[in-house]
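So the structure is just underneath, and the comments pick up after that.
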Amino acid sequence: MDPDIKATTHAVEAAAVMRLLPARPRLLTLGEPTHGEDTLLELRNELFRQFVEQEGYRTIAIESDCVMGLVVDDYVTSGTGTLDEVMEHGFSHGFGASAANRELVRWMRAYNDGRPAPEQVRFAGFDGPLEITGAASPRQALTALHGYLSARVDSDLLPCTAELLDHLLGADDRWTNPAAMMDPAQSVGQSAEASQLRLLADDLVALLDHQTPHLITATSRDDWDRARLYGRTATGLLRYHYRMADTSPARMTRLCALRDLMMADNLLAVAARGPALIHAHNSHLQREKSTMQLWEGQVDWWSAGALVSARLGEEYAFVATALGTIRHQGVDTPPPDTVEGLLYALPEDRCVIDASRLATALDDMRPAPRRSPWFGYAPLDPAHLADSDGIVFVKDVPQS
């Protein structure tokens, strides 16, 4: 093992990560190279517990539906519902079935029990209500925002009635039709009703904004924050559905970009609440552009991490997770001339790596290491190592 590479490694603990950073960031993000591996999520849980207990972080946000995440937050802060109900209804993308996610929620509830609200750990989802096959109806977000406002402001200020919203929304299956992802003609996103809803959603959000002093006094900052989440989600979904009906060659690039823009807006809202820990796929948190190969070809767009980092600067930190093998997914020992292959030669099973020092060490290697060819997870790009603040390396991921 190259001694310069060995010198970049540290034990996997929160203190080691913090030593890599110039100061405590407002958003400390931990990426994962693939979804669904409880070994990686268990490591996340342990690190996040340490950051909460030792560094004072008070929000944990993950790549899951932001509206569904409210169910989890209600449970961990006040005990609303049962753990089984929360895991079923509080997560998207099947993440509620994960034993490690269940343990995270259980621990958060136990940690908060008996603590005053300012000391509690909050939960947030920061993804939009989106799946790879389509997007949710904007009904829930729009009607919740309208309901919040109609109960607290003069009716003359409202741009529409609840009955008009219901009429324009129509049946939810019009919005959730999975055929629309492959066939823009199947989308209702550019219909006359959808166009009117976009204007009304914008008016409702504007009303929420200019009534802020009254609304915070009449309800609470938490209720107002929740209403703002509904507003961001409603406008984001209507924008997304509009682009689902797009027939231009840029359609999929725009859709991917809009999803990460929704993520970025949610992350900035989380950051406004205080220091937070974020977990998602590396490709959503990295500072460079994201890339994906789809049926229409390769698409490139700015990740949520890139958008938020541009706004927060050093208050945003990104720690990538890299791995050696996931043999049950067909990811075997990485080639020795890749970044993962070089790290796989380390004696440690797990370690935290100083990304900038690793990049410097690799710059001196001839030939330069290449990017791993493995498909099914996101390997490290040697050209972008220094764009992360650190790397957590896991040598082997056994089958859960």
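The values are calculated or read from the model by the stated rules, or taken from the named source; none is laboratory data. All values reported here derive from a predicted model rather than from experimental measurement. Glycine also receives a Cβ, built like all others from the backbone with ideal geometry; neighbour counts cover every protein chain displayed. Accessible surface is based on the protein model in full, side chains and every heavy atom, while ligands, DNA and RNA are left aside. Shrake-Rupley method; radii C 1.70, N 1.55, O 1.52, S 1.80 Å.
One residue is enough: does segment 71-87 have a residue meeting the conditions touching a strand residue (DSSP E or B) at 6+ places or on another chain (Cβ under 6 Å) and aliphatic (A, V, I, L, M)? Break it down stepwise before answering.
Our first condition is that a residue be touching a strand residue (DSSP E or B) at 6+ places or on another chain (Cβ under 6 Å); within segment 71-87, this holds for 72-73, 76.
Add one more test, that the residue is aliphatic (A, V, I, L, M), and what stays is 72, 76.
Yes, that holds for at least one residue.
Please enumerate the residues belonging to segment 4-31 that are open to solvent by 10 Å² or more (accessible area, probe 1.4 Å) and within 26 Å of Ala310 (Cα to Cα).
Ala15, Met18, Arg19, Leu20, Leu21, Pro22, Ala23, Arg24, Arg26, Leu30
Out of (1) farther than 30 Å from Gly31 by Cα; (2) open to solvent by less than 50 Å² (accessible area, probe 1.4 Å), what's the single condition that is false for Asp156?
(2)
Within segment 189-208, identify whether any single residue is surrounded by fewer than 19 Cβ atoms within 10 Å (Cβ to Cβ) and more than 18 Å from Gly236 (Cα to Cα), and answer yes or no.
So far as segment 189-208 goes, no, none of its residues is surrounded by fewer than 19 Cβ atoms within 10 Å (Cβ to Cβ) and more than 18 Å from Gly236 (Cα to Cα).
Say whether the condition of being among the acidic types (Asp, Glu), more than 14 Å from Ala61 (Cβ to Cβ) and open to solvent by 20 Å² or more (accessible area, probe 1.4 Å) is met by at least one residue in segment 261-282. Lay out the reasoning, then the answer.
Step one: filter segment 261-282 for residues among the acidic types (Asp, Glu), giving 265.
Right, trim to more than 14 Å from Ala61 (Cβ to Cβ) and you get none.
No - not one qualifying residue is present in segment 261-282.
From the list Leu104, Leu83, Leu70, pick out the single residue that is within 18 Å of the chain's Cα centre (by Cα) and open to solvent by 10 Å² or more (accessible area, probe 1.4 Å).
Details: Leu104 fails: open to solvent by 10 Å² or more (accessible area, probe 1.4 Å); Leu83 fails: within 18 Å of the chain's Cα centre (by Cα).
None of the other options fit; the residue is Leu70.
Take the residues in segment 342-358 that are out of contact with any strand residue (DSSP E or B) (no Cβ under 8 Å at 6 or more places or on another chain) and not in a loop (DSSP other than H, G, I, E, B); name whichever of them is least open to solvent (accessible area, probe 1.4 Å). Show your work before the answer.
Taking segment 342-358 and keeping what is out of contact with any strand residue (DSSP E or B) (no Cβ under 8 Å at 6 or more places or on another chain), we get 342, 345, 347, 356-357.
Cutting the leftovers down to not in a loop (DSSP other than H, G, I, E, B) gives us 342, 356-357.
Details: Leu342: 32, Ser356: 63, Arg357: 121 Å².
For segment 342-358, the residue satisfying everything is Leu342.
Considering only segment 327-346, state which residues are out of contact with any Gly (no Cβ under 8 Å at 6 or more places or on another chain), among the aliphatic types (A, V, I, L, M) and farther than 20 Å from Asp387 by Cβ.
Ala345, Leu346
Residue by residue, here is whether (1) assigned to a helix (DSSP H, G or I); (2) touching a His at 6+ places or on another chain (Cβ under 8 Å); (3) free of Cβ contacts under 8 Å to residues at least 12 places away in the same chain; (4) among the basic types (Lys, Arg) holds:
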residue: Thr217; (1), (2), (3), (4): yes, no, yes, no
residue: Gly231; (1), (2), (3), (4): yes, no, no, no
residue: Gly236; (1), (2), (3), (4): yes, no, no, no
residue: Thr247; (1), (2), (3), (4): no, no, no, no
residue: Ala257; (1), (2), (3), (4): yes, no, no, no
residue: Leu268; (1), (2), (3), (4): yes, no, no, no
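Matching residues to (1) in contact with a helix residue (DSSP H, G or I) (Cβ under 7 Å, 6 or more places away or on another chain); (2) modelled with pLDDT under 85; (3) basic (Lys, Arg); (4) on the phi < 0 side of the Ramachandran plot:
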residue	(1), (2), (3), (4)
Asp349	no, no, no, yes
Ser356	yes, no, no, yes
Ala359	yes, no, no, yes
Asp364	no, yes, no, yes
Pro367	no, yes, no, yes
Trp374	no, yes, no, yes
Pro379	yes, yes, no, yes
Leu385	yes, no, no, yes
Ile391	yes, no, no, yes
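A quick yes/no check of all residues on (1) in a strand (DSSP E or B); (2) within 18 Å of the chain's Cα centre (by Cα); (3) hydrophobic (A, V, I, L, M, F, W, C):
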| residue | (1), (2), (3) |
| --- | --- |
| Ala310 | no, yes, yes |
| Val319 | yes, yes, yes |
| Glu340 | no, no, no |
| Ala386 | no, no, yes |
| Phe393 | yes, no, yes |
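Determine whether Leu149 is out of contact with any Cys (no Cβ under 7 Å at 6 or more places or on another chain), in a helix (DSSP H, G or I), buried (at least 17 other Cβ atoms within 10 Å of the Cβ) and modelled with pLDDT of 95 or more.
On the way: out of contact with any Cys (no Cβ under 7 Å at 6 or more places or on another chain): yes; in a helix (DSSP H, G or I): yes; buried (at least 17 other Cβ atoms within 10 Å of the Cβ): yes; modelled with pLDDT of 95 or more: yes.
The answer is yes for Leu149.
Taking segment 31-67 as the search range and keeping residues that are part of a strand (DSSP E or B) and aliphatic (A, V, I, L, M), which one is farthest from Ala234 (Cα to Cα)? Explain how you work it out, then say what you get.
Filtering segment 31-67 for residues part of a strand (DSSP E or B) gives 31-32, 59-65.
Okay, now just the ones that are also aliphatic (A, V, I, L, M), so 60-62.
Values: Ile60: 23, Ala61: 20, Ile62: 20 Å.
Here the answer is Ile60.
Looking only at residues that are of a type in the set (Ser, Thr, Tyr) and either surrounded by 20 or more Cβ atoms within 10 Å (Cβ to Cβ) or in contact with a Phe, Trp or Tyr (Cβ under 8 Å, 6 or more places away or on another chain) (or both) in segment 32-57, which one is farthest from Ala99 (Cα to Cα)? Talk me through it step by step, then tell me what you get.
So in segment 32-57, the residues of a type in the set (Ser, Thr, Tyr) come out as 34, 39, 57.
Filter once more, keeping what is either surrounded by 20 or more Cβ atoms within 10 Å (Cβ to Cβ) or in contact with a Phe, Trp or Tyr (Cβ under 8 Å, 6 or more places away or on another chain) (or both): 34, 57.
Working: Thr34: 16, Tyr57: 23 Å.
Only one residue tops the list, namely Tyr57.
Can Pro336 be described as in a loop (DSSP other than H, G, I, E, B), open to solvent by 50 Å² or more (accessible area, probe 1.4 Å) and closer than 22 Å to Glu288 by Cβ?
Working: in a loop (DSSP other than H, G, I, E, B): yes; open to solvent by 50 Å² or more (accessible area, probe 1.4 Å): yes; closer than 22 Å to Glu288 by Cβ: no.
No, not satisfied.
From the list Pro382, Pro373, which residue is under 21 Å from Thr291 (Cα atoms), of a type outside the set (Gly, Ala, Ser) and free of Cβ contacts under 8 Å to residues at least 40 places away in the same chain? Before you say what the answer is, go through the steps one by one.
Details: Pro382 fails: free of Cβ contacts under 8 Å to residues at least 40 places away in the same chain.
After applying the criteria, what remains is Pro373.
Does segment 223-234 contain any residue that is surrounded by 22 or more Cβ atoms within 10 Å (Cβ to Cβ) and of a type in the set (Ser, Thr, Tyr)?
Looking for residues that are surrounded by 22 or more Cβ atoms within 10 Å (Cβ to Cβ) and of a type in the set (Ser, Thr, Tyr), one finds at least one in segment 223-234, hence yes.
Looking at Thr176, Thr217, Thr143, Thr212 in this structure, which one is open to solvent by 70 Å² or more (accessible area, probe 1.4 Å) and among the hydroxyl-bearing types (Ser, Thr, Tyr)?
Working: Thr176 fails: open to solvent by 70 Å² or more (accessible area, probe 1.4 Å); Thr143 fails: open to solvent by 70 Å² or more (accessible area, probe 1.4 Å); Thr212 fails: open to solvent by 70 Å² or more (accessible area, probe 1.4 Å).
Among Thr176, Thr217, Thr143, Thr212, only Thr217 is open to solvent by 70 Å² or more (accessible area, probe 1.4 Å) and among the hydroxyl-bearing types (Ser, Thr, Tyr).
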